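For reference, the structure discussed in these notes is given below.
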Amino acid sequence: MSDTANTSRPSALRRLGRTVKGFLLWKHERMSWQYDVMCGVIFLFVVLAPARFFHDKPVYNPHATLDVVKMDSDARGVRYRVSAELLASYDNDPGRAALEVLALNLGHPFTLTRIEPIRAQDGTVVWYDVWVRE
């Protein structure tokens, strides 16, 4: 009798294996305790995982009026002064970042002709002067 009882009911290890397989393949239905556990584990991972796991680089306020200032225009084109912090939030290369930032702020076609860093007294770059032909 014990042999037939063991074959008709799966062992605890087999049930555990099916549950783990269901977690990995996301086979559990909503409103089941397994689904709630999976959602809880995902929530805990997102909340408790260190930020360095995500390599997130948030975009610094792209629409602030003081981050992009039209300075003047001359034979070289129109000069804009752009915040170095703003450019750094878009790309490590100031030229590529300036193209992207100015495309968002100008709203019309232009060609980047020149870019120069403006440094503070301690040597850090705080602004870039960017010349464009509009």
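Key figures for this structure:
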{"item": "Residue list for the range 94-130, filter: polar (S, T, N, Q) and modelled with pLDDT under 90", "result": "Asn105"}
{"item": "Unmet criterion (only one of (1) part of a helix (DSSP H, G or I); (2) within 27 Å of the chain's Cα centre (by Cα)) for Arg18", "result": "(2)"}
{"item": "Lone unmet requirement of (1) assigned to a helix (DSSP H, G or I); (2) touching a Gly at 6+ places or on another chain (Cβ under 9 Å); (3) in contact (Cβ under 8 Å) with a residue 24 or more places away in the chain for Thr113", "result": "(1)"}
{"item": "Residue match in the range 75-85 (condition: without any contact (Cβ under 8 Å) to a residue 40 or more places away in the chain and more than 27 Å from the chain's Cα centre (by Cα))", "result": "yes"}
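The values are calculated or read from the model by the stated rules, or taken from the named source; none is laboratory data. Fair warning: this is a prediction, and the values are worked out from it, not measured in the lab. Cβ coordinates were reconstructed from backbone atoms using ideal geometry, including for glycine residues, and neighbour counts include every protein chain displayed.
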